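Down below is the structure, laid out as structure tokens.
Derivation of every value follows stated rules applied to the coordinates shown; laboratory data play no part. Keep in mind that this is a model prediction, so the values were computed, not measured. Virtual Cβ from ideal backbone geometry, glycine too; neighbours counted across all protein chains shown.
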Amino acid sequence: MTSSDRNSSTSQPEEKTKNGSKQGTLAAALSGSVSGAIISTCVQPLDVVRTRMQADATKNAFSGMLGTFRSIVSEEGVRALWRGTGPTIARLSVGLGIQMCVLESLKDAFYQRHLHLNDKQGQKLTKAEAFLAGGVARAAAAAATCPFTVVKTRMEYAGSSVQYTGTLSALRSISRSEGIGGLFRGLGPTILTNAPFSAFYYLFYTSLQERMQRHGASKTVTNLTSGAVAAVCATLLTQPTDMLRTHMQLGLGRGGPPLNVMDTWNAVVGGSMGYRALLVGALPRVVKRTMQTALVWTLYEELQPAFKKALQNASSRGQNFSGPAQ
């Protein structure tokens, strides 16, 4: 065997590993986008109710989850419960695609580090790595999709008086009237809500998943249960910053002056409800997040291997068709 043959044979596994990693990352992005688009439509009514509850909390108009639900249906009709679905689908499909792509890349980086250090952890993340990977991946997605979050929040609250004809119309209108900065209003609380949520979520999710697998639970039951429990815990931990995000993003949309984080905090807790106002909307948010996150991750865990296999098959067919290099 010549030196070039040895180099060629040595490089083949490396090339396969690189291709497999790329296919895994692309499969993760596709799976995240598809699962996000499907599930977001199902849970949108809970998001509309939560936004209305949070926005009305400082106006002494708080009527609870069921009261808000009945009010929306009686005054605006059932269709109003799906107001803001367009930007929600865009936000979650794009955001989850980015999140899963970054997450898989970080996981691969951690696995390579374990391999390089001959770490017994192998193909499992430590708790610190799971926390960091979940937080960084969601922070990147939240920052990239903040304009969709602003549009979604304003469309959900504005109700029948909204003048936006669609997501693109809203993006153009906000950028014209408020500048590009208007599309990123509330970015700080958005990241402070989403990054810790996903960091805690992924930490709880992977820990519970590993524990249930050791006890012989089926894959679907494991993913659903782990996702639901992790979502409840992570949602409650990040509820106060979500309340601040809603109020900041609605500031200019309701004709008021732009507010910074401290002004928004004072406005929220300075009302008749005091610090309890920070927990307004927690119930629909917990229900929505639990359903959405558990279903998204369950669907993702089913789709990702299928997409990866399809991409590998397509790559193999392409290589066979082109034939060996001369």
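Brief remarks on what is shown
- Over 22 Å [Cα-Cα, the stretch 64-218], rounded percent: 56 percent
- Inter-centroid distance (Cα atoms) of the stretch 78-123 relative to the stretch 23-58, Å: 13 Å
- In Hz, Karplus ³J(HN,Hα) per residue of the stretch 67-79 (6.51, -1.76, 1.60; θ = phi - 60°; x = Gly, Pro): x, 5, 4, 5, 4, 5, 5, 6, 8, 10, x, 4, 4
- Rounded to the nearest Hz, the phi-derived 3J(HN,Hα) couplings of the stretch 148-157 under the Karplus curve 6.51 cos²θ - 1.76 cosθ + 1.60 (θ = phi - 60°) are 5, 5, 4, 4, 4, 4, 6, 5, 5, 7, where x marks glycine and proline.
- Under the combined filter of DSSP loop state and at most 11 neighbouring Cβ atoms within 10 Å, the stretch 93-139 retains these trypsin sites (Lys or Arg not before Pro): Lys120.
- Using θ = phi - 60° in the Karplus curve 6.51 cos²θ - 1.76 cosθ + 1.60, the 3J(HN,Hα) couplings for the stretch 92-103 round to 6, 5, 5, x, 5, x, 5, 4, 5, 5, 5, 4 Hz; x is entered for Gly and Pro.
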